[in-house]
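Chemist: This structure is in structure tokens; I'll ask about it shortly.
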Amino acid sequence: YIQVYTGNGKGKTTASLGLSLRALGRGWSVLIIMFTKGGSNYGELFSFANLSEEIKKRFKIVNAGSTRIVYKNNMDETDKIEVQKGWQIAKEAIGKNEYQLVILDEINIAIDLGLIDLSEVLEVLKNKPTDLEIVLTGRCAKKEIIDIAHLVSEINPIKHYWDIGVS
């Protein structure tokens, strides 16, 4: 199936990471590509580094971003290069059917910023192996992706601690 987690609320990546833990617990092989996010200061990276050796054999996580989170106003050519490297890894893994779950974290943002071509993503999704689950996260999911997805969750903010000044 194809799943999409989108919207302006917090929790899209967290939902996909929960799916990855569930899949790993069931013996699946999992690939996570983190688009537009670089660096190593993410709690999930610390947690995944401590997985058992047995689980690590079925798990791969790839940062496909610079050393910062990418936005329209701070994007540069390096960002496109890093995102494209991650997209190439994703396409190859999907084409070879190497994993049972592929999470394309923040790919919706990468598409919205023009770092990945929407038509190319649609082509990959439409031709994915039938026994492969693909999850796309990030704000600004395109209608075309929503239309072909089997599950779409829009996460919207009701309240956030940023509203009271907590960063």
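The values are calculated or read from the model by the stated rules, or taken from the named source; none is laboratory data. In this text, all values refer to a predicted model and were calculated from it rather than measured experimentally. Heads up, the Cβs are rebuilt from the backbone with ideal geometry, glycines too, and the neighbour counts pull from every protein chain shown. The accessibility values were calculated without ligands, DNA or RNA, using every heavy atom of the protein model including side chains. Shrake-Rupley method; radii C 1.70, N 1.55, O 1.52, S 1.80 Å.
Chemist: Could you look at the chain and say what percent of its accessible area is carbon and sulfur, using a 1.4 Å probe and all protein chains?
Modeler: Working: 4700 of 9150 Å².
The C+S portion of the solvent-accessible surface of the chain is 51 percent.
Chemist: With every protein chain left in place, what is the accessible area per residue of the chain in square angstrom, probe 1.4 Å?
Modeler: On the way: 9150 Å² over 167 residues.
Heavy-atom SASA per residue in the chain reads 55 Å².
Chemist: Looking at the chain as a GNM with Cα springs under 10 Å, which of LEU101, LEU151, LEU118 has the largest mean-square fluctuation?
Modeler: So, out of LEU101, LEU151, LEU118, the one fluctuating most is LEU151.
Chemist: Pairs of Cα atoms under 8 Å, at least six residues apart: use those to get the relative contact order of region 42-167, whole percent. Kindly include the intermediate steps, with their values, before the conclusion.
Modeler: Values: 90 pairs, mean separation 27.1, N = 126.
It rounds to 21 percent for region 42-167.
Chemist: Considering the dipole of the chain built from charges on the beta carbon (Lys and Arg +1, Asp and Glu -1) around the Cα centre, which of ASN156, THR137, GLY25 is farthest to its positive end?
Modeler: GLY25
Chemist: Still on this structure, please answer the following. Hey, if you put +1 on the Cβ of every Lys and Arg and -1 on every Asp and Glu Cβ in region 1-135, which of PHE48, PHE35, ILE107 ends up farthest toward the positive end of that dipole?
Modeler: Result: PHE48, furthest along the dipole toward the positive end.
Chemist: Here's a follow-up. Ordered by residue, what ³J(HN,Hα) values in Hz, to whole numbers, does region 105-111 give under the Karplus form 6.51 cos²θ - 1.76 cosθ + 1.60, where θ = phi - 60° and Gly and Pro are x?
Modeler: Running phi through 6.51 cos²θ - 1.76 cosθ + 1.60 with θ = phi - 60° gives 6, 6, 5, 4, 5, 4, 5 Hz.
Chemist: How many angstrom lie between the C-alpha centres of region 91-160 and region 1-31?
Modeler: Computed from Cα coordinates, the inter-centre distance equals 12 Å.
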